[in-house]
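J.: After the structure tokens below, expect a handful of questions from me.
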Amino acid sequence: MCRGIEIDTTLSIGAVQGNKNLLKLASIACKEARNKRMAYLIYDKASHKEKEYQHNITINHMLKEALMKDRIVPFFQPIINVNTGEIEKFETLMRIQKEEQGHYLPSEFLEIAKHSKIYSKLSMALIQKAFETFQISSNGFSINLSYLDMTNIVTKTFILEKLAEFNVGSWVIFEILESDGIENYEAIASFIDDVKAYGAKIAIDDFGSGYSNFERLNELRVDYIKIDGSLIKNIDRNEDTKIIVKNIVNFAKELGISTIAEYVHSAEVLQCVKEIGVDYAQGYYIGKPSSRIVSTH
């Protein structure tokens with residue numbers, strides 16, 4: 001009882017059998033129990049959770065070093081106007097320079113980063129570099145934002161400050177993942193209102209990858225729909241996906257929303273999306289991501 005109010009408490013227990021690393025493995029089991037909302041969980045050596053946790057710690061250490069040594073590198077993938085064939089925009093993608101040669105891809109670190117405090121710092125470093133690049137080049141460009149980015153007050157404030165500082169609002173498109181777990185549409189709508197005040201545009205990324213909520217497009221004042229690569233990559237050979245994409249394109253045109261086809265990897269796919277009426281195209285046939293802005297393909 002606390003001040004006349006009865007408060008229920010819960011307990012999660014982690015346990016392990018063995019004679020080595022008992023406290024560490026019991027802690028891992030306890031964390032898993034909390035995540036799975038279980039009363040208790042006994043550590044299973046066959047689960048390889050210890051290796052997974054060790055891997056996550058290694059990746060987090062690498063990310064901290066990358067931030068400290070300024071190894072966050074923006075890569076740029078061209079987006080063409082399907083009708084003119086001209087490159088009009090670039091998507092900004094995050095890479096991390098390795099100590100030796102090469103780069104880490106987002107698939108190697110981004111999900112791990114999202115579960116630590118380092119994620120917002122990575123986002124802000126990429127945004128800073130993208131704004132610096134396109135303030136000079138004056139090309140249209142897009143940046144991917146997660147639900148975490150748009151609802152984190154520090155990241156949101158940083159974005160608004162940089163929009164005012166660099167004056168690139170009319171060139172930037174913020175891409176929101178359709179597959180991201182958006183829990184608070186009011187917070188997202190508030191973010192969109194704030195960035196649109198600077199002239200920024202909004203795109204829904206990976207549209208069609210899951211449940212496509214058409215009603216939300218109007219609510220979020222979307223300017224672009226990026227049609228998911230799973231619908232595009234075989235569109236020249238699959239009539240079913242062609243029908244789906246046609247319906248998305250027609251619906252978007254009714255709302256005055258431009259469409260971008262992802263994963264355009266061949267001349268045949270490009271011709272097909274052009275015939276359907278897609279406005280823009282992006283993919284390896286158009287151009288691979290590069291650390292330099294390349295104006296031809």
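J.: Tally up the residues in region 115-151 that are touching a residue at least 40 places away in the same chain (Cβ under 8 Å), among the aliphatic types (A, V, I, L, M), touching a strand residue (DSSP E or B) at 6+ places or on another chain (Cβ under 6 Å) and over 21 Å from Asn60 (Cβ atoms), please.
T.: Total meeting the criteria: 2.
J.: Here's another thing I want to ask about it. Here are Arg221, Arg216, Arg237: which of them is at positive phi, assigned by TED's automatic domain parsing to the domain that holds Leu160 and either of a type outside the set (A, V, I, L, M, F, W, C) or free of Cβ contacts under 8 Å to residues at least 12 places away in the same chain (or both)?
T.: Testing whether each residue is at positive phi, assigned by TED's automatic domain parsing to the domain that holds Leu160 and either of a type outside the set (A, V, I, L, M, F, W, C) or free of Cβ contacts under 8 Å to residues at least 12 places away in the same chain (or both) leaves just Arg221.
J.: Now for a different question. What do you reckon, is Ile118 at pLDDT below 85, in the same structural domain as Val278 (by TED's automatic domain parsing) and among the β-branched types (Val, Ile, Thr)?
T.: Judged against the criteria, Ile118 is not a match.
J.: On the basis of being touching a His at 6+ places or on another chain (Cβ under 7 Å), touching a residue at least 40 places away in the same chain (Cβ under 8 Å) and either of a type in the set (Val, Ile, Thr) or surrounded by 12 or more Cβ atoms within 10 Å (Cβ to Cβ) (or both), does Val73 make the cut?
T.: Considered against the rule, which asks whether it is touching a His at 6+ places or on another chain (Cβ under 7 Å), touching a residue at least 40 places away in the same chain (Cβ under 8 Å) and either of a type in the set (Val, Ile, Thr) or surrounded by 12 or more Cβ atoms within 10 Å (Cβ to Cβ) (or both), Val73 comes out as yes.
J.: Output the number of residues of region 93-114 satisfying the condition of being surrounded by 15 or more Cβ atoms within 10 Å (Cβ to Cβ) and either of a type in the set (S, T, N, Q) or touching a residue at least 60 places away in the same chain (Cβ under 8 Å) (or both).
T.: Of the residues in that region, 3 qualify.
J.: Just give me the residues in region 51-72 being modelled with pLDDT of 90 or more and under 14 Å from Ala113 (Cα atoms), in sequence order.
T.: Correct list: Thr58, Ile59, Asn60, His61, Met62, Leu63, Lys64, Glu65, Ala66, Leu67, Ile72.
Yes or no, residue by residue, for (1) touching a strand residue (DSSP E or B) at 6+ places or on another chain (Cβ under 7 Å); (2) within 24 Å of His115 (Cβ to Cβ); (3) modelled with pLDDT of 90 or more:
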site	(1), (2), (3)
Met1	no, no, no
Glu6	no, no, yes
Gly18	no, no, no
Leu25	no, yes, no
Cys30	yes, yes, yes
Lys45	no, yes, no
His48	no, yes, no
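J.: Residues to consider are Ile42, Ile136, Ile59; find the one that is surrounded by fewer than 16 Cβ atoms within 10 Å (Cβ to Cβ) and not assigned by TED's automatic domain parsing to the domain that holds Thr259.
T.: Criteria check complete, one pass: Ile42.
J.: Please determine whether any residue of region 104-115 is closer than 18 Å to Asn139 by Cβ, in contact with a Phe, Trp or Tyr (Cβ under 9 Å, 6 or more places away or on another chain), hydrophobic (A, V, I, L, M, F, W, C) and assigned by TED's automatic domain parsing to the domain that holds Val269.
T.: No, the conditions are met nowhere in region 104-115.
The values are calculated or read from the model by the stated rules, or taken from the named source; none is laboratory data. The model shown is predicted, which means the values in this text are computed figures rather than measured ones. Reconstructed Cβ throughout: ideal geometry from the backbone, glycine too, with neighbour counts over all protein chains shown.
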